[in-house]
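Below is one structure; the comments refer to it alone.
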Amino acid sequence: MATTLPANPDAYLQQTQAIATTDHPRFLQQLALLNQEASRLTSDQMWHLRYSNAWEAMYESDYAKSEALFQDIIQHSGNSILADRASAMLLSQLGITKHYTEAFELANRLAARLPQVTDAKVRLPMLLNLSVSLGLAGQTDLAVHYARVAMAVVPAGDSSCYPAAALVEALFNGHRLKSDSPELQQAFAACPAAREPVFNVNLWLTLADLYVQEGQPRKALALLDRIAPELDVNGYVPYKLEALVNRAKALAAMGNDDAARKTALAAVAARPPDDDGRWLKDTYEVLYRIEKKQGRAAAALGYYEKYAALDKAYLDDVNARATAYQTVQQHVLAQKLETENLSRQNTLLRMRQTLDAKTAETNRLYLALLLMALASAVFWMFRLKRSQLRFKKLSHLDGLTAIFNRQHFMGEVERTLRLLEKRAGAACLVFIDLDHFKRINDTHGHAMGDEVLRQVVVVGKQQLRPVDLFGRLGGEEFGILLVGCAHEQGMAIADRIRHAVEAAMVECEGAVIAISASVGLACTGTCGHDLRRLCREADAALYRAKRGGRNRVMAGAEDGDLARA
């Protein structure tokens, strides 16, 4: 390694940044020399050095330092190309640090600027980080689109590793990637270990994760053993943690509980301060299942509480990303409306300056322009209102199953009952409760429990008519209002739903389970149209169905204690 700065610092700066991911140890040596000889650099060369320092700070997870450096470059360097590169990296970091609103606002600005960016070496990272940012927002189709566009604009002679890896990440995060997916093999071909060690290791870790998900733990362990030396060389802490967690999950899947527990605890011990990433949630889940399996209830409960808290935080984070994205989109729409209104106001003001010298024909033209401006404003206001109505509709739905939540379901049932009472119409209220649902969660995990709930909704909808109301009352309990149904028809439909649930086989993460449901029914023909009484009778019937052995339909007491099983 050189001990003094070469005669051509520009070339040395470019060469240093070029090896940031391909030869990171050498990159650090050259970066140290550049910082040591910084007094010999020109102002523009100092900005390029600052960019490399920001990149390394981000690589080392010193996000406060890297963000300050990137912002300084964007605002003060005066170099548009370097500012665009810094903006692309900042976009990636804002997603990592969960500053989602700022990230999506920056993504909108970069997407708008893309047509003006002609330098392929700048355009490429902008496209890649737009793909990552939109993937965070749950916009998988857009994330995949930007990654594929990035693959198409790779300059001749340059590596296609980065866009190929970004495409894999977009598909993986969108749950569209399998261990034998051609996009994964394409990425391996584009990112050989000799030339792209950092991206190559990340791809192998992704494949190991897929092996674990697909029930192939031995393949996962063999792969993790093979790439262990590369993990030690690149020194990237998140990769090491991900490898430990995947190893713990694979060992647990093979029944090697002691080794899995030891590995999981090593991952927890290696946790950087304030890092509550998804890997930690998975680690606590492994520890919880091991302690529970071995009968250590207190330890299992402790790990479960940590897992549950992180799982809730993860789901909250997913919702925060989606909400931030929608908020930014609404803000952009509102800004566009404001800009267009201001533009039209300026046009009207200019027109007024000439009105004194114009004839009646000019006045008619002015009126036409005014009407056009008003029509445009009404149009954009209509779009805003439509978006607001869409958000209102989403607030009425259960987030997991996409049917009515309890509050909205009960309100709609009461409204429908009042209408039916006025015209002497019939209806049946059905309460459904899944049998032994807690056992499913405890045995197979909450992912399986969620899949069971979604599957019950799917088979339930297949038995219902468009006029019927379907809602989730909470946990594993559902409610249905069968509109226009007398007792016999209601019992028949309820029993069809019970049979459909019993026939459904739910599969999740390689496990397949059978489910059943207990059903209680109350009809207006005997209980009247009062919602509280119908709920009491349906709930009492459901209780009798549970008490009578589950997996059966029971009618209200005043319907003659009718039952079907």
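The values are calculated or read from the model by the stated rules, or taken from the named source; none is laboratory data. Quick caveat: nothing in here was measured; it's all calculated off a predicted structure. Glycine also receives a Cβ, built like all others from the backbone with ideal geometry; neighbour counts cover every protein chain displayed.
Quickly run through segment 178-195 and pick out the residues that are in a helix (DSSP H, G or I), small (Gly, Ala, Ser) and surrounded by 14 or more Cβ atoms within 10 Å (Cβ to Cβ).
ALA187, ALA190
With respect to the conditions (1) charged (D, E, K, R); (2) surrounded by 18 or more Cβ atoms within 10 Å (Cβ to Cβ); (3) farther than 24 Å from VAL117 by Cα, ARG40 lacks only one, and its number is (2).
Taken over segment 196-216, the criterion of being closer than 19 Å to ASP158 by Cα, in contact with a Ser or Thr (Cβ under 9 Å, 6 or more places away or on another chain) and in a helix (DSSP H, G or I) is satisfied by PRO197, VAL198, PHE199. Checking the structure you have, find out if any residue of segment 70-80 is at pLDDT 85 or above and within 24 Å of the chain's Cα centre (by Cα). No. Here ASN256 fulfils each of the conditions (1) within 28 Å of the chain's Cα centre (by Cα); (2) modelled with pLDDT of 90 or more apart from (1).
One line per residue, one yes/no per condition, for (1) in contact with a Lys or Arg (Cβ under 7 Å, 6 or more places away or on another chain); (2) not in a helix (DSSP H, G or I):
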position	(1), (2)
GLN93	no, no
PRO115	no, no
GLY135	no, no
GLY157	no, yes
LEU167	yes, no
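For segment 230-237, the condition of being more than 23 Å from VAL144 (Cα to Cα), crowded, with 16+ Cβ neighbours inside 10 Å, in contact (Cβ under 8 Å) with a residue 12 or more places away in the chain and hydroxyl-bearing (Ser, Thr, Tyr) holds for at least one residue. Is one or more of the residues making up segment 433-448 in a loop (DSSP other than H, G, I, E, B), in the same structural domain as HIS487 (by TED's automatic domain parsing) and over 22 Å from the mean Cα position of the chain (by Cα)? Within segment 433-448, one or more residues are in a loop (DSSP other than H, G, I, E, B), in the same structural domain as HIS487 (by TED's automatic domain parsing) and over 22 Å from the mean Cα position of the chain (by Cα).
Taking the residues in segment 496-538 that are part of a helix (DSSP H, G or I), under 30 Å from ALA447 (Cβ atoms) and not basic (Lys, Arg) as candidates, determine which candidate is nearest to the chain's Cα centre (by Cα). Within segment 496-538, the match that is nearest to the chain's Cα centre (by Cα) is VAL501.
Within segment 399-417, count every residue that is over 25 Å from the mean Cα position of the chain (by Cα), in contact (Cβ under 8 Å) with a residue 12 or more places away in the chain and within 20 Å of ALA522 (Cβ to Cβ). Final tally of qualifying residues: 7.
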